[in-house]
Each structure stands twice: as C-alpha cells, then as structure tokens.
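Please treat every number below as a calculation from the coordinates, not as lab data. Note that the structure is a prediction, hence the values are computed from the model and not measured. All Cβ positions, glycine included, derive from the backbone under ideal geometry; neighbour counts span all protein chains shown.
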Amino acid sequence: MPQVLTARDVTTLLNSGQAIPEGALLTPTARDLLEERRRRPDAAYHAAAPAALAVVAPSPSAAGAAIMATVPDYEFKWTPGSDPKTPAEIQRFFTSPRLEEIKRRMCDMGRRLWLKDFTDGNGGNITVRVGDNLVLCTPTLICKGFMTPDDLALIDLDGRQLAGNRKRTSEALTHLGIMKRQPAAKACVHAHPPHATAFAIANASVPSCLIPEAEVFLGKIGVAQYQTPGTPENAEEVGRIGVDHQAILMQNHGVIVWGKDVEDAYWKIENLDAYCRTVAIASGLGTGLHQFGPDKLKDLIDLRLKLGMPDARAGLKECELCDNSELRPAVVVPTSAVAAPAEPPPDADVEALVQRITDEILRRLAAK
Ligand SMILES: [Zn+2]
C-alpha cells in the first residue's frame, strides 16, 4: 500500500528538510499545500522536495492525481451566503491575505497587458469575483502597467463601491453585466489589443476552424454591438453576449474576455489577439484560408468541455458548426496580371491638327 500523506505530514517533512517519499499519495489538502509552497519563491518546498510531484504515485489513477497536482488552481472559491456584511467585516475581508494575493495577481496581469501593448494610456480594466455580491476591480484613470494592490477597489454586483481608496472604473459595469448572467465568469479582462480591435472596428467576423487551440481556449468568438462604454446599455449588450461566449469583440471599441481566474482570463486576451493577428497575416497571402471542417471542430469542442469550459456549440449539428466567415482576404495582384502602362492621354493640339488635315483631304477630294 502506498503511504498516504496529509497536509500535516507534508508540513512536518518539509519543515525538517526532508523530501516527499517516492510513491506516496497526497490528500487534496496536502496537494494544495505543496502547490502553495511551490508558488511562493521563499518556500522550503523548493529546497526540500523539488521533484516530489513527479514521483508521487506509481498507479495510473494516482499518477493522474499527481498530474492534477501540477496544475495550479487560482480560482477564488467562497461559501455561498458567507459575504461580509458590516463595514468593519468588509474592510477586514478587503485587506485579508487571500484578497491581497488576488490583488497582486491583478496587478501582475495589468503589467502583462501593458507590456504586450494591449492597453494604452489608462485603457483596459480587470475584475475578479470574490463573493456572492463582491468583486475586486481596477480603479478609473490608471495605467494598468503600474498598479499596486492599494489601488484596487471592492464593489458589489451593482457597481457600488464598498472599499478602496480609488474610485472604481466606470467600465466595471460591463464586467458585472457578464458576471450577473454567467456564474462561471469569475474574472473579466477588458483591453484594446490592436489586432483583435482591428477586427472589431472593421466589423469583420473572425473565421473559425482555422487553429485548434483557438477553438479549445476561446470557443466561438462573440460580437457585441457598439454601445457607449461604461453605460448600462453596454453592460446589457456585452452581458447578453457573454453568457455563451468567453471571448467577445466589442464593436468599435476593443475586447472583453472571462475566465475562472484572472490569469485564465488574461490568457484569453493573448490567445484572441494572436489568433486575429495570424488570421490577418494569412488572409493577406492571397491563397485563401483553409478550414479544417466541422467534424474536426466537434472533437475540439469535446476537448473544451472536458477542460471545464462551457461551449454553446456543444448541442449543434455538424452542418451548423463551421460558419462561413465573411472575411474577404486582402487582394493580392499576381505579377502576370499587372496591366501594361496605360496609353498617355491624347494631346488636344495633335487631335485638332489631325482633324484639320482630315477635313482638308476630304474637302480636296470633294472638289475634284
Ligand atoms: Zn475600453
């Protein structure tokens, strides 16, 4: 029988500088503890058990558990009905270690958005749901690349600010429009990545069935009709589209995505902009775009569902799956079709001279 280690066993081993024994099984709490230690750069885990997760168990099922243990889960979970109520409770919750960790991760993702040129000026915003009626959000008028945890605000699902020194972003309403309707949306990121935004302003639908990873991680890309940013109308429109789409082009504006945690959502912005960039480049090659077809898309939708991401296409028939994009590839003129230089326009003086000569010849012929 393999040895089963609880969180307390793991703590004792790591604190005494010992490695996790080969073949040992970990309880879920022990696994979480190891993950937490691995995430923290100062953790004893690194010195004591650098390869522990790779050698946890010999049996296939236990090996599966070991693989699961190597996938960190940053989703913020809470007990329904447990939201803090009084101002003092809310303040305590807002400055608790759990929320400080989420705030740091939001600042990290903001930095990555800015470094990737996905936001400009004070553009973009980030939210993370942390309760039945509680959401952390970025403040208004701040560059996402240089936020600190103290800049973030706590709001309810109607957008009322509950804590934080800086005023929340007006575009939080758009994020809340999604979160109110789609409980799986635990984090939203809005940005203006140039390639995806180019599709949004050109009113070009993004074609599907081109790159498998995009189908798995983005699902079908939604389009929200233009509404003024920060208004209830925009929240209504984006929220409506967000129920069935994790990645949304906001017409004439930018994109918004949602995920189970803030990094998951951030990844989708990267995926979306990379996809749009690649499609734009490919459409300029002049050969047309090769789609892999609905039967293959079905496999990818199944994979997406297995990874825990909802997909409204799951119930559709194959013939309804690969939409025909209206994207028109950029026109590339082959060299053989390049027209010869056009003839120069006729000179008016020469025309008049030819006419006079012709008239004179005709007059003389008639006089004979
Ligand atoms: Zn915006």
Under the 0.36 nm per residue contour assumption, what length would be gained going from the current alpha-carbon distance of Glu22 and Lys306 to full extension?
99.3 nm
Protection proxy (average C-beta count within 10 Å per residue), highest first, orders 132-145, 252-265 as 252-265, 132-145
Low-density loop cleavage sites - trypsin sites (Lys or Arg not before Pro) in segment 77-113, where at most 11 other Cβ are within 10 Å (DSSP)
Lys77, Lys85
Eligible lysines near Lys220 by straight Cα distance, threshold 26 Å, same-chain separation 8 or greater
Lys116, Lys180, Lys186, Lys260, Lys268, Lys296, Lys298, Lys306, Lys317
Does anything in segment 151-188 have its amide N under 20 Å from the 7 Å Cα→Cβ label point of Glu236, and if so which residues?
157-160, 170-182
Which listed residue (Trp78, Gly164, Ile211) has the Cα farthest towards the positive end of the charge dipole for segment 76-212, taking +1 on Lys and Arg C-beta and -1 on Asp and Glu C-beta about the Cα centre?
Trp78
